[in-house]
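See below for the structure under consideration.
What follows is calculated from the coordinates using simple rules that are stated; it is not laboratory data. Everything numeric here is computed off the predicted structure, so don't read it as measured data. In this analysis, Cβ positions are derived from the backbone assuming ideal geometry, glycine residues included, and neighbour counts consider all displayed protein chains.
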């Protein structure tokens with residue numbers, strides 16, 4: 001029951017954050033969208049965006065591990081945030097960063113729920 005409540009709160013917070021991110025993205029507010037994604041990394045995953053972009057996939061997965069169990073919900077959140085961030089950089093013309101971020105997104109999407 002406690003786990004279900006935790007998951008529901010996490011999903012609600014993620015949904016609210018994504019609504020904000022997508023609204024900013026629609027308005028072509030690149031910097032604000034990147035900042036909103038960074039806030040969501042911190043608020044939902046407990047990770048700073050600089051950590052997300054500098055650590056290896058294995059290190060990030062280690063940080064999302066709790067008592068030997070990977071939090072696959074957080075992996076899905078991370079994958080979605082990275083995908084949105086990659087899209088933003090691509091739209092802004094920064095294909096190098098967009099490609100790198102999109103690659104990481106794919107690696108986290110493959111984690112089972």
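Here are some notes:
- If you plug the beta carbon distance of residue 19 and residue 58 into 1/(1 + (r/R0)^6) with R0 = 30 Å, you get a FRET efficiency near 0.45.
- Of 21, 51, 88, the residue with the greatest mean-square motion in the GNM of the chain, using alpha carbon springs below 10 Å, is 51.
- Considering only 93, 46, 68, the Gaussian network model of the chain with Cα springs below 10 Å gives its largest mean-square fluctuation to 68.
- When the chain is treated as a Gaussian network with alpha carbon springs shorter than 10 Å, the biggest mean-square fluctuation among 100, 69, 83 belongs to 69.
- For the stretch 2-109, the average shadow cast by the Cα convex hull is 6.5 nm², which is a quarter of the hull's surface.
- Taking 18, 8 and counting other C-beta atoms within 10 Å, the order from fewest to most: 8, 18
- Convex hull volume of the stretch 53-101 per residue (C-alpha atoms, cubic angstrom): 58
- Computed from Cα atoms, the angle from the helix 95-109 axis to the main principal axis of the chain rounds to 20 degrees.
- Rounded tilt (10° steps) of 2-26 against the dominant C-alpha axis of the chain: 0
- Degrees between helix 30-40 axis and first principal axis of the chain (Cα, 0 to 90, nearest 10): 10
- 17 Å cut-off, amide nitrogen to a point 7 angstrom out along residue 94 Cα→Cβ, residues in the stretch 29-56: 29-41, 48-55
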